[in-house]
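> What follows is a structure written as structure tokens; I'll ask about it next.
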Amino acid sequence: LASAVVSGGGTGIGLATATRLARDHDVLLVGRRPEVLERACAQLGPAATWHRADTAEPADVAALAQALPGPVDVVVCNAGAPARSADPGDLAAVAASWADCFRANVLSAVLLVTALEPLLTRPGGRVVVVGSRAAASGASSPAYVAAKAALNGWLLALASRLGPEGVTANVVAPGYTAGTELVAGRIPPEREAAILGAIAAGRPATADEVAAVIAFLASPAASFVNGQVVGVDGGVVAR
Ligand SMILES: NC(=O)c1ccc[n+]([C@@H]2O[C@H](COP(=O)([O-])OP(=O)(O)OC[C@H]3O[C@@H](n4cnc5c(N)ncnc54)[C@H](OP(=O)(O)O)[C@@H]3O)[C@@H](O)[C@H]2O)c1
């Protein structure tokens, strides 16, 4: 079996991705809560194992890379989190909110890829990073928009460096995806109505619809797709 590592693989889009990849990969789920990862592995069966790590913490990611026998065929950098709101009158709180948001969404992907890069299968390795449609639309908190946009820029450098070695790197940019921990109970009804009104499909994505595109980019069939930001957003209503 090929091998895959999925950060944030215990819930939401990560769990849906791990579920698809577990059909033909040994999948390692990475996250910070052992009980969540253990439950996900029980659901996925013997192809899935887990490792506790904060992917924004250098020591945790180094230990993860050490624990992996390699080679790794697929790395899915899915771990991410929304920005905490901060009172604009409190610059220390603004700084902390932005730093935390970059840590959660940018560093967590950069450290994981940097640590696992030496283990990637060459040729044939795949890196898929979960960004957001908000990076292009601006429709989220400024720190989250900027952090996800940073991933798109980093991707270009990554794809250009890994491409000659037969490895691809792409970003999947989901629109509003219902039912994950990131959004559940966090979006007021009026805001949700506005979000849905801007989606041509008139509904949120399911985590599995996002996972299907991640799994394609992680597959041998996507060998000539590199450095792309692939939207999975149901289309935008023209205004
Ligand atoms: N839902 C949406 O509408 C939407 C839209 C666009 C993009 N996205 C992106 O999709 C990705 C997955 O989010 P989701 O919606 O599926 O929400 P989710 O259920 O909250 O998934 C996030 C996962 O990442 C893990 N995680 C967070 N920070 C981590 C860290 N520092 N180290 C290791 N694991 C970490 C969490 O587990 P632990 O807390 O146990 O570590 C959790 O399992 C995120 O990057 C998010 O920004 C979501």
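The values are calculated or read from the model by the stated rules, or taken from the named source; none is laboratory data. Treat the numbers as computed from the prediction; the structure is a model and nothing was measured. Using ideal geometry, Cβ is built from the backbone for each residue, glycine included, and neighbour counts are taken over all protein chains shown. Quick note on the areas: whole protein, heavy atoms, side chains included, nothing else; ligands and nucleic acids left out. Shrake-Rupley method; radii C 1.70, N 1.55, O 1.52, S 1.80 Å.
> How far apart, in nanometres, would the label points at Ala200 and Arg23 be if each is projected 7 angstrom from Cα along the Cα-to-Cβ direction?
It is 2.6 nm.
> How many nm is it between the label spots at Ala95 and Phe216, if each spot is 7 Å from the Cα in line with the beta carbon?
Distance between label points: 4.5 nm.
> Wrap a convex hull around the Cα atoms of the range 1-40, take a quarter of its surface area, and give that in square nanometres.
Reported value for the Cα convex hull: 2.3 nm².
> Which number do you get for Rg(Cα) / (2.2 N^0.38 Å) in the range 132-190?
Against the empirical 2.2 N^0.38 Å value, I get 1.40 for the range 132-190.
> Not counting ligands, DNA or RNA, and with a 1.4 Å probe, what is Tyr176's accessible surface area in Å² rounded to the nearest 10?
Only protein atoms counted, so the area is about 40 Å².
> Could you give the Stokes-Einstein D for the range 160-203 in µm² per second, using the C-alpha Kirkwood radius, 10 °C, 1.306 mPa s?
Answer from the Stokes-Einstein relation: 120 µm²/s.
> What dipole magnitude, in Debye to the nearest 20, does the chain give about its Cα centre under +1 on Lys/Arg Cβ and -1 on Asp/Glu Cβ?
320 debye
> Now, a different point. Helix 12-21 versus the longest principal axis of the chain: what angle, 0 to 90°, nearest 10, using Cα atoms?
The helix 12-21 is inclined about 30 degrees to the chain.
> Would you mind computing Rg(Cα) / (2.2 N^0.38 Å) for the range 60-135, counting N as its residues?
With N residues counted in the range 60-135, Rg over 2.2 N^0.38 Å equals 1.37.
> In whole Hz and in residue order, list the ³J(HN,Hα) couplings for the range 91-106 that follow from phi through the Karplus curve 6.51 cos²θ - 1.76 cosθ + 1.60, θ = phi - 60°; x for Gly and Pro.
5, 5, 5, 4, 4, 5, 5, 5, 5, 4, 5, 5, 4, 5, 9, 9
> Here is a further query. P(r) tail for the range 38-82, what percent of Cα pairs lie past 16 Å?
Everything past 16 Å amounts to 52 percent.
> Using a Förster distance of 30 Å, how high is the FRET efficiency between Ser85 and Glu35, based on the Cβ-Cβ distance and rounded to 0.05?
Plugging the Cβ-Cβ distance into 1/(1 + (r/R0)^6) gives 0.60.
> Starting from the 7 Å offset along Cα-to-Cβ, what nm value, one decimal, do you get for the label separation of Glu192 and Gln43?
Result: 1.9 nm between the two label points.
> On to the next question. So what is the orientation-averaged projected area of the range 80-124, using the convex hull of its C-alpha atoms, in nm²?
Seen from a random direction, the Cα hull of the range 80-124 projects 3.8 nm² on average.
> Another one. Helix 207-217: angle to the longest alpha-carbon principal axis of the chain, degrees 0 to 90, nearest 10?
50 degrees
> For the chain, modelled as a GNM with alpha-carbon contacts under 10 angstrom, which of Arg33, Arg20, Arg133 fluctuates the most?
Highest fluctuation among the options: Arg33.
> Next question. Give me Rg/Rg_expected for the chain, where Rg uses Cα atoms only and Rg_expected = 2.2 N^0.38 Å with N residues.
0.97
> Whole Å is fine, so just give me how far the alpha carbon centre of the range 58-130 lies from that of the range 180-195.
Their Cα centres are 25 Å away from one another.
> If only Cα atoms are counted, what is the Rg of the range 136-239, and what is its Dmax, in Å?
Answer for the range 136-239, Rg first and Dmax second: 15.3, 48 Å.
> One-quarter of the Cα convex hull surface for the range 1-130, in nm²?
The orientation-averaged projected area of the Cα hull of the range 1-130 comes to 8.0 nm².
> Right, something else. Using a 1.4 Å probe, how large is the accessible area of Thr49, given in Å² and rounded to the nearest 10?
About 80 Å², ignoring ligands and nucleic acids.
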